[in-house]
Amino acid sequence: MIRVVLPAHLKTLAKVTGEVRLEVTGPQAGPVTQRLVLDALEARYPMLLGTIRDRHSGKRRAFVRFYACEEDLSNSSPDTPLPERVASGAEPYIILGAMAGG
Amino acid sequence: MSGVRVLVGTRKGAFILTSDGRRADWTVEGPHFGGWEIFHLTGSPADPNRLYASQSGGWFGQLIQRSDDGGRTWTTVGNDFAYTGEVGEHLWYDGTPRPWEFKRIWHLEPSRDDPDTVYAGAEDAALYVSNDGGQKWTELTALRQHRTGPTWQPGAGGLCLHTIILDPVHQDRIYVAISAAGAFRSDDAGTSWLPINKGLRSGEIPDSDAEVGHCVHHITQHPSRPDTLFMQKHWDVLRSDDAGANWREVSGNLPSDFGFPIAVHAHEPETIYVVPIKSDSEHYPPEGRLRVYRSRSGGDEWEPLTNGLPQSDCYVNIYRDAMAVDTLDECGIYFGTTGGQVYHSADGGDNWAPIVRDLPPVLSVEVQVLP
């Protein structure tokens, strides 16, 4: 079970409150990655398509950041395994809108 | 008695203003989509309860919302605005080629007779259509792939397709306007496009009467005279009486011929309205006096309309999609400002009053007459 924290605007859009909990399993029970988490999130909540990453290139939108375990994973490869504490559900995977606009 | 619903898109959400046909007492509802930019909020002429909203923001990109109950509830529909085929390049501000890149939807234009068909104008300039209520969008590629496309350059607001007119008489005729490429017409439902900029003169480009490159701000049309078009250009107000083939300037005695919106009276096809702005570098009314100008002669001769509008210390702007008219017997005129006011006149412009004063900056205003 992966725990995902969405920014307020995307919670409103997805009509959820609190954390989102996703069952995510890597291919052949491989490691859980950011790509797999985002794929599962968008599959459950298709209204989020295009709001976190570009629909075609898959690139993270410029003002969206990904944090977990007090680390900034925004610029990590989407296929890098997530920390074990995120994969186990002990820590959430945090998606947030970057501070911008002064 | 008929009712009126005014649809307002702002920098921080959508608002819906309603009144009965007297248009004296108003209810303000919103914000819908609080915190998001609503570039355009509009309704289907075929079904007034079918609304479409272009919702966007710097953080989370472009969304399209649809309501089937007049704005009480909303459903997120499709946002896959892909450039079809070879993406190609246009010119960037510095004159270098730059690939087309989708940024947002500026304008939504529902079909006159099918609530599920709606057109969308994009930045970077492209025209899309959906035939399933906004779920799936298909680009009408011939516009972006027009032979002049590689020479198009963005205006200060971006390379945006901001005006779409679906001709009420000629089934397959579509007009669009792009800043800063100009106006284009299709007579075959978007299969091919003709630049219609003859007669425009723009001192901001090296060849002032070039085929393309003009910063057209808005175009409007009266449904009873579909071959007559009125245009507010970056500078100059113009008209065409041959479906855009030729234009002539009708700025006449306007205090400034710079501005963004232009509208035509619902029942008088030669009565038109503009809001002069002092200049392209100042973007506020001349002398700090907010004046709508009306011409009853289709241009050239203009009268200021001031009763109820601030005549001192007013430094707001009025964007291109932020003026609309209703179709009640006595035509109502509506416009929104960057200061968050939405003004209306229930008597064709003679008298004005604010419906609401303190909204976020207004990006678009549309009006529906309800049964």
Please work out if A:Ala90 is part of a loop (DSSP other than H, G, I, E, B), out of contact with any Gly (no Cβ under 7 Å at 6 or more places or on another chain) and over 29 Å from B:Gln55 (Cα atoms). yes
Would you kindly identify the strands (runs of 3 or more DSSP E) lying entirely within the stretch B:35-110 that contain at least 1 residues that are within 14 Å of chain A (Cβ to nearest Cβ)? B:37-43, B:51-57, B:61-67, B:97-99, B:104-110
Restrict the check to the stretch A:60-72 and report whether at least one residue is charged (D, E, K, R), within 14 Å of chain B (Cβ to nearest Cβ) and not in a loop (DSSP other than H, G, I, E, B). yes
Step by step: first the residues of the stretch A:1-25, then only those that are away from every other protein chain (no Cβ under 14 Å) and charged (D, E, K, R), then the one that is nearest to the chain's Cα centre (by Cα). Which residue is that? A:Arg3
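This table checks each residue for (1) within 30 Å of A:Ile95 (Cβ to Cβ); (2) buried (at least 16 other Cβ atoms within 10 Å of the Cβ).
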| site | (1), (2) |
| --- | --- |
| B:Gly57 | yes, yes |
| B:Gln62 | yes, yes |
| B:Ser67 | yes, yes |
| B:Gly71 | yes, yes |
| B:Val77 | yes, yes |
| B:Tyr93 | no, no |
| B:Thr96 | no, no |
| B:Pro110 | no, yes |
Looking at the stretch B:322-344 only, could you name the residues that are of a type in the set (D, E, K, R) and either touching a strand residue (DSSP E or B) at 6+ places or on another chain (Cβ under 7 Å) or closer than 19 Å to B:His40 by Cβ (or both)? B:Asp326
What single numbered condition from (1) part of a helix (DSSP H, G or I); (2) away from chain B (no Cβ under 13 Å); (3) within 12 Å of the chain's Cα centre (by Cα) fails to hold for A:Gln28? (3)
State the number of residues belonging to the stretch B:111-128 that are in contact with an Asp or Glu (Cβ under 8 Å, 6 or more places away or on another chain) and part of a strand (DSSP E or B). 7
Search result, residues across the stretch B:224-264 that are aliphatic (A, V, I, L, M) and in contact with a Pro (Cβ under 8 Å, 6 or more places away or on another chain): B:Ala243, B:Leu254
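Just so you know, all these numbers are worked out from the coordinates, no wet-lab data involved. All values derive from a computational prediction rather than experimental measurement. Counting neighbours? That spans all protein chains shown, and the Cβs are built from the backbone with ideal geometry, glycine included.
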